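Below: the structure, in structure tokens.
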Amino acid sequence: MALVFLMIPIVYTIIFSFNDARRTNIIWRGFTLDNWLNVCAAQDVCRAFGNSILIAVVATFIATVLGTMIAIALVRYRFRFRNTTTLLIFLPLTTPEVVLGAGLAAQFLQAGVPKGLGTVIIAHALFCISFVIVTVRARVASLDPALEEAGRDLYGSPQQVFWRITFPLLLPGIIAAALLSFALSFDDFIITNFNRGAEVTFPSFVYTAAARGIPPEANVIASAVFLLAILFVLVSQFTAAARRRRLAKL
């Protein structure tokens, strides 16, 4: 029952993406495919979606690269203020987004940095990096150091050991962290709203449009993102199942 209740907004979004809406998309007026065929008909919807994708991709790349390096350093090395660093990493996870967004906006204002896509990317990378570190750190902690020692015993250089042994073993955790970071960045509204300036992202577009009824084109994009996510999960599950069957036959 709880699952059905949670699925109601998603079903509503998909159904009303086919609505023959006029000024608002609140009342069902009839079935049409025009919304899917002309998804950029609503003003700014495609630009907002493109901005959100750009921000999420760049912020995810920055957060994943830096977060992976920090996670490895925290697990494998001993240095001064290590515990303090760990504490500071967990702070963004527990800080309310409105506080984090307002603090970052104040810092940009004090530094004289004009708000735009660049400030949003920096803000997203800063709060996503903690999620990346926590996710990758768990993977690093489960990695057997003897595997890397075996590579060094076979005269592998540090670079060869990392790229041929460590990185492939860490890759599932890195991918999981990157996907989580992308989802958090694409979906964020509060931190974005404090730091976006005149730029518009998909969540801010939906928030502004909600006052007069979200246009069906926004429902189309939201439905497409949801369906693509489901497709990605299904492909991953089938691929993993096929790999397990191949390994079982060996």
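With contributions of -39500 (n - 2.57) from each DSSP H run of at least four residues, the per-residue ellipticity at 222 nm computed over the chain stands at -24500 deg cm²/dmol. Summary value for the chain: 34 percent relative contact order, contacts being C-alpha pairs under 8 angstrom separated by 6+ residues. Across Lys115, Lys249, the residue with the most accessible area heads the list, and the full order at a 1.4 Å probe is Lys249, Lys115.
Per-residue SASA remark: Glu217, around 20 Å² accessible (1.4 Å probe; ligands, DNA and RNA not included).
Shape class of the stretch 157-250 from the Cα gyration tensor (axes a ≥ b ≥ c, square roots of the eigenvalues): oblate, since a/c reaches 1.5 or more and a/b does not exceed b/c. Centroid-to-centroid, using Cα positions, the stretch 153-188 and the stretch 53-90 are 12 Å apart.
Label Thr95 and Ala241 with points 7 Å out from Cα along Cα→Cβ: what is the distance between them in nm? Inter-label distance under the simple model: 4.4 nm.
Expressed as a whole percent, the accessible surface of the stretch 1-44 that belongs to carbon and sulfur atoms is 67, based on a 1.4 Å probe. The heavy atoms of Phe182 present about 70 square angstrom of accessible area, all protein chains included, probe 1.4 Å. Placing pseudo-labels 7 Å out from each Cα toward the beta carbon at Ile27 and Trp163 gives an inter-label distance of 6.4 nm. Kirkwood radius for the stretch 28-114, taken over all pairs of different Cα atoms as the inverse mean of 1/r, rounds to 17.4 Å. Accessible surface of Leu231, taken over heavy atoms with a 1.4 Å probe and every protein chain present, rounds to 100 Å². Could you calculate the FRET efficiency of Glu149 with Leu179 from 1/(1 + (r/R0)^6), where r is the beta carbon distance between them and R0 is 35 Å, rounded to 0.05? Computed FRET efficiency for Glu149 and Leu179: 0.70. Per residue, the accessible area of the chain comes to 62 Å², computed with a 1.4 Å probe over protein heavy atoms only.
Of all accessible surface on the stretch 92-202 at a 1.4 Å probe, what whole percent is carbon and sulfur? C and S atoms contribute 67 percent here. Could you tell me whether the chain comes out rounded, prolate or oblate from its Cα gyration tensor? Rule is a ≥ b ≥ c as square roots of the eigenvalues, rounded for a/c under 1.5, then prolate if a/b exceeds b/c, otherwise oblate. Taking the square roots of the gyration eigenvalues as a ≥ b ≥ c, the chain is oblate.
The values are calculated or read from the model by the stated rules, or taken from the named source; none is laboratory data. Being a predicted model, the structure only gives us computed values, none of them experimental. Methodologically, a virtual Cβ is constructed for each residue, glycine included, from the backbone with ideal geometry; neighbour enumeration extends over all protein chains shown. These accessible areas exclude ligands, DNA and RNA; they are computed on the full protein's heavy atoms, side chains included. Shrake-Rupley method; radii C 1.70, N 1.55, O 1.52, S 1.80 Å.
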